[in-house]
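Questions regarding the structure given below will be posed in turn.
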Amino acid sequence: METGGMTPNRGNKNMPGKMIDITAEDGGSFQGFLATPDSGGGAGVIVLQEIFGINYFIRETCHRLAAQGYMALCPDLFWRQEPGVELSDMTEGEWGKAFGFYQGFDMDKGVADASAALEQLRGTEGCTGKVGTVGYCLGGMLAYLTATRTKADASVGYYGVGIQDALGEAGNIAGPHMMHIAELDQFVPPEAQTAIKEELVDNSKVTIHSYANVDHAFARTGGEHFDSACAEQANSRTAEFFAQHLS
């Protein structure tokens, strides 16, 4: 994985990405990485980062969504602590830094920043006006909270951490929401998974997919727990979900 400053991915000349400025709801501005499809426009998707910032995996996720026809924007959600964080999961030192940022993260302000990015993308030239969210790990929790607190048209969370502590907001889910749960997730223990499923099983707006024999971050390409079969299945389900709700 790449490390260092946040730079646009250079591996796909047909779909270059770029950093853009996003206006925060409470003043100031921060950056985000935007990948645009060859057509120049489409529905929007806000990509919500893991604890590693806007790194190679997140930029590749934006490019994959752009290849599917979406304008994909990943806001720098650690900007209030340190702008431009980009870490990998390859060394103990970078893991330590990542957890430090996670521990210092203000979830409420993070949701507000995600909402600001969502509404800015919605009004961007070329966007159809429909915008969804997709998030991983920390971003999976944020995807759930964007479903309960923002005007996202659809949302998808991969192995979100801490959702069991925010189930009191489930009644506020306004648009369709999909969850991908790793049954061996070391950060979401079985009792948390049970609580999530029991609370949301009768919610018609929520779809839950559970993946046996895989750990946290099974969809992170190149990660320790990457599982290609489950990742492909989850990504296909996400693609179908967005095609249904954002078209």
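Where a ≥ b ≥ c are the square roots of the eigenvalues of the C-alpha gyration tensor, would you call the chain rounded, which needs a/c under 1.5, or, failing that, prolate if a/b is larger than b/c, or oblate?
Taking the square roots of the gyration eigenvalues as a ≥ b ≥ c, the chain is rounded.
For region 235-242, in order, what is each residue's ³J(HN,Hα) by Karplus, 6.51 cos²θ - 1.76 cosθ + 1.60 with θ = phi - 60°, in whole Hz (x at glycine and Pro)?
5, 5, 5, 5, 4, 5, 5, 5
Once label points are set 7 Å from the Cα along Cα→Cβ at both ASP108 and THR23, what is their separation, rounded to one decimal in nm?
Distance between the two pseudo-spin positions: 2.4 nm.
Here is a further query. Around LYS130, which amide H atoms from residues at least 5 apart in sequence, or from another chain, sit under 5 Å from its own amide H, with H modelled in the peptide plane?
GLY44
Let me ask another. Which FRET efficiency, nearest 0.05, do ASN172 and THR194 yield, Cβ-Cβ r, R0 25 Å?
0.70
Further, regarding this structure: Would you mind counting up the charge near GLU183? Only other residues with Cβ under 13 Å from its Cβ, with Lys and Arg at +1 and Asp and Glu at -1.
Value of the local net charge: -3.
For the chain, what is the mean residue ellipticity at 222 nm derived from helices alone (per DSSP H run of n ≥ 4: -39500 (n - 2.57); sum divided by total residues; nearest 500 deg cm²/dmol)?
One gets -10500 deg cm²/dmol as the mean residue ellipticity at 222 nm.
Go through region 190-199 residue by residue and turn each phi into a ³J(HN,Hα) via Karplus (6.51, -1.76, 1.60, θ = phi - 60°); whole Hz please, and just put x for glycine and proline.
x, 5, 5, 4, 4, 4, 4, 5, 5, 6
For the chain, give the share of DSSP beta bridges that are antiparallel, in percent and rounded to the nearest 5; count only bridges with both residues there.
Of those bridges, close to 35 percent are antiparallel.
Can you list residues from other chains, or at least 5 along the same chain, whose modelled amide H is less than 5 Å from the amide H of SER210?
Amide H neighbours of SER210, under 5 Å, 5+ apart: ILE181.
Enumerate the calculated ³J(HN,Hα) couplings along region 58-68 in order (Karplus 6.51 cos²θ - 1.76 cosθ + 1.60, θ = phi - 60°), each rounded to whole Hz, writing x wherever the residue is Gly or Pro.
5, 5, 5, 4, 4, 5, 5, 5, 4, 5, 8
The numbers here are math on the coordinates, done by the rules we state, and not lab data. This one's a predicted model, so the numbers in the text were calculated from it and none came from an experiment. FYI the Cβ positions are ideal-geometry reconstructions off the backbone, even for glycines, and counts take in every protein chain you see.
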